[in-house]
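The numbers here are math on the coordinates, done by the rules we state, and not lab data. A quick note: this is a predicted structure, and the numbers were derived from the prediction, not measured. Ideal geometry is used to build each Cβ from the backbone, glycine not excepted, and the neighbour counts take in all protein chains shown.
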Amino acid sequence: MSTDTHVDHDDIVEAHGTRKGYLIGFALSVVLTAIPFALVMTGTLPQQVTAYAIMIFAAVQIVVHMIYFLHMTGKSEGGWTIMALIFTVVMIGIAFSGTLWVMYHLSTNMMPMSPSDMRQIP
Amino acid sequence: MSSRTLAVDPNEPVEFYLREEHDHPEGSSTMLGFWIYLMSDCLIFAILFACYGVLGSNYAAGPAPRDLFDLPLVALNTAMLLFSSITYGFAMLAMEDKKVGQTQMWLAITGLFGLAFLSIELYEFSHMIHEGATPQRSAFLSSFFTLVGTHGIHVTFGLIWLVTLMVQVAKRGLIAANTRRLMCLSMFWHFLDVIWIGVFTFVYLMGMLR
């Protein structure tokens, strides 16, 4: 019957952190923040490599914060928080990369115009 | 063909719905609701990041990130927010142990770190504005002030919320309602730190590379 699928509110375990968890998260965050700052400030690597490296460090640090500080698990709130998160990530992917994709190709996709044509624009 | 019949007493009216709502204890859906609010807030920031990504290199012959940003100051700011995250975590641990005094102490320390973050950010903004790098100078600066300013406003409201909750805890103690509110603020505060990771990477560090 339909009552079988209903998640009982008492069964939902609220996510609690532990001192160890917070300290691990903090230590990882410090390392993952210090490395990109050091890379940019010293400029040891080529610019392109540094740019990709700091983006990867940021992505990893966001995951670390999600797990150790926001206590994200696939099980919290009966799986609904992870569903909302996945939906949001998809939306951000469409909105953010879609915007950059369209806007960076805007000038390429415009009709070619010579300076004399431009002067004709009212 | 097999057909299922409703095994009911013919005298009793058949019901196809639940007559009574099942029990929803107070606040049982607050955490999920707050999480969904945070996700919608995430979308606001995603759009502001996209704006900055598009407009961030339109300097209008004005100052570029390299002329304006002071990385050691940004690193200090990042440290303040990261410290405030861990101290809020300690406040939550004290709250779970039902230690009112310790909870209040960690909340106060979190508030001080948050205030330090905000002061450094306002110092940076005023410094930029004194140099003529105002929001109306170029598209880069407009999108910069909008993105970083929106994050700063979030931290400001987080601080107001924090002080409010400290007063509530002082008056009523760690009752169920206050515990729930503290957990919501915990999510909000850590979420702001997550957004800041995006800000310092995408705006400050990438800006210095250009």
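Could you check the stretch B:120-146 and list, in sequence order, the residues that are under 27 Å from B:Ser84 (Cα atoms) and crowded, with 19+ Cβ neighbours inside 10 Å?
At the first step, the residues of the stretch B:120-146 found to be under 27 Å from B:Ser84 (Cα atoms) are B:120-128, B:143-146.
The answer is B:Glu121, B:Met128, B:Ser143, B:Phe144, B:Phe145.
Could you tell me which of the residues A:Met103, A:Met41, A:Met55, A:Met91 is exposed (fewer than 14 other Cβ atoms within 10 Å of the Cβ) and either at the interface with chain B (Cβ under 7 Å from one of its Cβ atoms) or over 24 Å from B:Ser84 (Cα atoms) (or both)? Walk me through how you get there before you give the answer.
Numbers: A:Met103 fails: exposed (fewer than 14 other Cβ atoms within 10 Å of the Cβ); A:Met55 fails: exposed (fewer than 14 other Cβ atoms within 10 Å of the Cβ); A:Met91 fails: exposed (fewer than 14 other Cβ atoms within 10 Å of the Cβ).
From the options A:Met103, A:Met41, A:Met55, A:Met91, the qualifying one is A:Met41.
Restricting the stretch B:124-139 to residues that are within 24 Å of the chain's Cα centre (by Cα) and touching a residue at least 12 places away in the same chain (Cβ under 8 Å), which is nearest to the other protein chains (Cβ to nearest Cβ)?
In the first step, residues of the stretch B:124-139 are kept if they are within 24 Å of the chain's Cα centre (by Cα); the result is B:124-126, B:135.
Those still in the list that are touching a residue at least 12 places away in the same chain (Cβ under 8 Å) too: B:124-125.
Details: B:Glu124: 16, B:Phe125: 21 Å.
By that ranking, first place goes to B:Glu124.
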> Residues in the stretch B:100-119 that are over 21 Å from B:Lys171 (Cβ atoms) and surrounded by fewer than 17 Cβ atoms within 10 Å (Cβ to Cβ): how many?
Replying inline: 3
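In the stretch B:71-99, which residue that is farther than 30 Å from A:His16 by Cβ and within 11 Å of chain A (Cβ to nearest Cβ) is surrounded by the fewest Cβ atoms within 10 Å (Cβ to Cβ)? Step through it out loud before you land on a result.
Start the filter on the stretch B:71-99 by keeping residues that are farther than 30 Å from A:His16 by Cβ, which leaves B:71-76.
Of the ones still in play, those that are also within 11 Å of chain A (Cβ to nearest Cβ) are B:71-72, B:74-76.
Numbers: B:Leu71: 15, B:Pro72: 9, B:Val74: 21, B:Ala75: 17, B:Leu76: 13.
The residue in question is B:Pro72.
Which one is surrounded by the fewest Cβ atoms within 10 Å (Cβ to Cβ) among residues in the stretch A:67-84 that are part of a helix (DSSP H, G or I) and at the interface with chain B (Cβ under 7 Å from one of its Cβ atoms)?
Filtering the stretch A:67-84 down to residues part of a helix (DSSP H, G or I) leaves A:67-68, A:76-84.
Add one more test, that the residue is at the interface with chain B (Cβ under 7 Å from one of its Cβ atoms), and what stays is A:77, A:80-81, A:84.
Details: A:Glu77: 21, A:Trp80: 16, A:Thr81: 24, A:Ala84: 18.
Per the criteria, the residue is A:Trp80.
What do you reckon, is B:Phe145 in a helix (DSSP H, G or I) and either among the acidic types (Asp, Glu) or within 14 Å of chain A (Cβ to nearest Cβ) (or both)?
Numbers: in a helix (DSSP H, G or I): yes; either among the acidic types (Asp, Glu) or within 14 Å of chain A (Cβ to nearest Cβ) (or both): no.
No.
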> Would you call B:Ile153 more than 28 Å from B:Lys99 (Cα to Cα), within 14 Å of chain A (Cβ to nearest Cβ), part of a helix (DSSP H, G or I) and free of Cβ contacts under 8 Å to residues at least 40 places away in the same chain?
Replying inline: no
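Kindly indicate whether A:Phe26 is within 19 Å of B:Cys184 (Cβ to Cβ), at the interface with chain B (Cβ under 8 Å from one of its Cβ atoms) and touching a helix residue (DSSP H, G or I) at 6+ places or on another chain (Cβ under 6 Å). Outline the logic, then answer.
On the way: within 19 Å of B:Cys184 (Cβ to Cβ): no; at the interface with chain B (Cβ under 8 Å from one of its Cβ atoms): yes; touching a helix residue (DSSP H, G or I) at 6+ places or on another chain (Cβ under 6 Å): yes.
Taking the combined requirement at face value, the residue does not satisfy it.
Return a yes/no flag: does the stretch A:109-120 have any residue that is within 11 Å of chain B (Cβ to nearest Cβ) and either in contact (Cβ under 8 Å) with a residue 40 or more places away in the chain or in a helix (DSSP H, G or I) (or both).
Step one: filter the stretch A:109-120 for residues within 11 Å of chain B (Cβ to nearest Cβ), giving none.
No, there is no match, as no residue in the stretch A:109-120 is within 11 Å of chain B (Cβ to nearest Cβ) and either in contact (Cβ under 8 Å) with a residue 40 or more places away in the chain or in a helix (DSSP H, G or I) (or both).
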